[in-house]
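Only one structure is covered here, and it is reproduced in the block below.
Each reported figure results from applying straightforward, stated rules to the coordinates on display, with no laboratory input. Given the structure is predicted, the values throughout are model-derived calculations rather than measurements. Methodologically, a virtual Cβ is constructed for each residue, glycine included, from the backbone with ideal geometry; neighbour enumeration extends over all protein chains shown.
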Amino acid sequence: MKKEPILSVKDLSVSFQMYDNGLEKYDLKVISNLTLDVRPGEIVAIAGSSGSGKSLLAHAVMGLLPENASISGEISYKGKVLSQKEKEALRGKEMALVPQSVSYLDPLMKVGTQVRGRKADKEIIKAQREIFRRFHLDEKTEQLYPFQLSGGMARRVLVSTAVLSGAEVIIADEPTPGLDLEMALEALKIFRELSDEGKAVILITHDIDLAFHIADRIAVFYAGTTVEIAAAKDFLEGVDALRHPYSKALWKALPQNGFEPIPGFQPYAKYLPKGCLFSPRCPHKTKECEENIPMREVRGGYVRCIHAD
Ligand SMILES: Nc1ncnc2c1ncn2[C@@H]1O[C@H](COP(=O)(O)OP(=O)(O)OP(=O)(O)O)[C@@H](O)[C@H]1O
Ligand code: NI
């Protein structure tokens with residue numbers, strides 16, 4: 001039997017209040033109608049180009065959006081819709097983030113204290129040393145301050161922190177850049193072990209090839225929304241198993257699949273097209289694509305395209 005989602009995002013939209021040159025206020029909608037969930041025991045990878053809203057989704061879930069952001073839709077944890085206060089209360093405890101930027105480390109706190117938390121008992125210290133060992137960080141690392149770490153070390157420290165938090169849901173926002181292949185694979189192996197223990201992992205990555213091999217499901221983001229959510233095996237199988245023209249194009253753009261570039265650009269949030277956000281680049285575009293396009297089920301996956309079959 002399929003488990004219920006532990007985290008579920010429904011119809012999420014995020015806008016920023018911005019000011020034009022003339023100091024005129026306007027709303028910049030950067031995420032629209034985004035829907036996604038993750039179940040215990042599962043890794044869901046989020047793939048999508050730069051600016052497609054991956055980090056903002058992570059920040060919305062963790063209650064980390066800046067002051068000028070407004071948010072609509074629902075983010076639920078264990079079936080309960082979360083308020084901002086509840087997100088803050090769960091953050092770092094039930095839900096942990098591996099942030100995209102290493103600047104999230106506290107510059108004034110030694111690495112060891114930071115990773116273990118202030119009230120570390122013997123168990124936690126043991127677990128921390130074990131994960132440091134796996135990440136080739138020697139014991140001296142505990143005594144260092146963040147500025148004394150290399151980029152790759154800082155990244156491994158951030159992953160260790162999230163893992164040691166014991167959180168039920170981990171969102172890892174690009175956890176592998178700066179890591180050599182061995183360490184990147186170790187990080188992914190650790191995420192797989194966590195999910196096998198029953199935790200839920202959302203893995204945000206540019207490296208879709210990597211995502212295909214480690215994740216159970218893949219969500220493809222485009223211009224601030226989900227265009228396809230499907231089993232990772234469909235992405236391994238190739239274009240015919242996929243549903244959305246953008247997912248198919250991403251697949252064909254991989255080096256091993258011909259390196260075929262996708263013509264055109266992802267639209268900027270201020271100038272989104274009407275209806276299907278991919279339509280200006282889509283070879284199958286028809287008049288109907290200018291309507292609002294909901295996600296729908298096709299061949300066991302979900303797609304936001306009226307032409308998919
Ligand atoms: N504080 C902000 N104010 C205004 N716009 C913002 C703000 N933060 C992010 N954006 C915009 O929201 C969009 C999505 O940003 P986000 O950081 O989620 O992208 P991403 O998919 O994580 O990209 P990358 O792969 O480069 O990390 C971008 O167009 C970005 O410019
Ligand atoms: Ni990002």
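Laid out as a table, the results:
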| item | result |
| --- | --- |
| Two-site label geometry, LYS85 and ALA253: point separation in nm, points 7 Å out along Cα→Cβ | 4.3 nm |
| Over 25 Å between alpha carbons, listed pairs LYS78/LYS119; LYS54/LYS85; LYS93/LYS233; LYS3/LYS274; LYS2/LYS199 | LYS78/LYS119; LYS93/LYS233; LYS3/LYS274 |
| Part-to-part distance (alpha-carbon centres) for the stretch 259-303 and the stretch 1-78, which is given in Å | 19 Å |
| Estimated translational D of the stretch 166-309 in µm²/s (Stokes, Kirkwood radius over Cα pairs; 37 °C; 0.692 mPa s) | 199 µm²/s |
| Unit Cα scatterers, Debye sum, the stretch 148-216: log10 I(q)/I(0) for q = 0.13, 0.22, 0.23, 0.27 Å⁻¹ | -0.33, -0.96, -1.05, -1.41 |
| Area projected by the alpha carbon convex hull of the chain, averaged over all directions, nm² | 17.7 nm² |
| Calculated on alpha-carbon atoms, Rg and Dmax of the stretch 212-287 in Å | 12.9, 38 |
| Chymotrypsin sites (Phe, Trp or Tyr not before Pro) lying in DSSP loop within the stretch 207-309, provided at most 11 other Cβ fall within 10 Å | PHE259, PHE265, TYR268 |
| Per-residue Cβ neighbour rank within 10 angstrom, fewest leading, ARG192, ARG155 | ARG192, ARG155 |
| Rg over Rh, two decimals, the stretch 98-244 (C-alpha only, Kirkwood Rh) | 1.01 |
| Computed label-point distance, nm, for sites LYS274 and GLU130 using a 7 Å Cα→Cβ extension | 5.9 nm |
| Exposed-site-free run, longest, the chain (rule: GluC sites (Glu not before Pro); DSSP loop; at most 11 other C-beta within 10 Å) | 68-196 |
| Trypsin sites (Lys or Arg not before Pro) restricted to DSSP loop in the stretch 1-69 with at most 16 other C-beta within 10 Å | LYS2, LYS3 |
| Where no second cysteine Cβ lies under 4.7 Å, the cysteines concerned in the chain | CYS282, CYS305 |
| Zero-based 5 Å bins, Cα pair distances in the stretch 1-86, whole percents | 3, 12, 22, 23, 17, 11, 6, 3, 2, 1, 0, 0 |
| For the stretch 75-138, radius of gyration divided by Kirkwood radius, i.e. Rg to Rh on alpha-carbons | 1.04 |
| Value of [θ]222 nm, deg cm²/dmol, for the chain, DSSP H segments ≥ 4, -39500 (n - 2.57) each, nearest 500 | -8000 deg cm²/dmol |
| Of the trypsin sites (Lys or Arg not before Pro) in the stretch 240-304, those whose Cβ has at most 10 other Cβ within 10 Å and which sit in DSSP loop | LYS274 |
| Cα gyration tensor, the stretch 1-47 - rounded (a/c under 1.5), prolate or oblate | prolate |
| Where only C-alpha atoms are counted, convex hull volume of the stretch 49-177 per residue in Å³ | 131 Å³ |
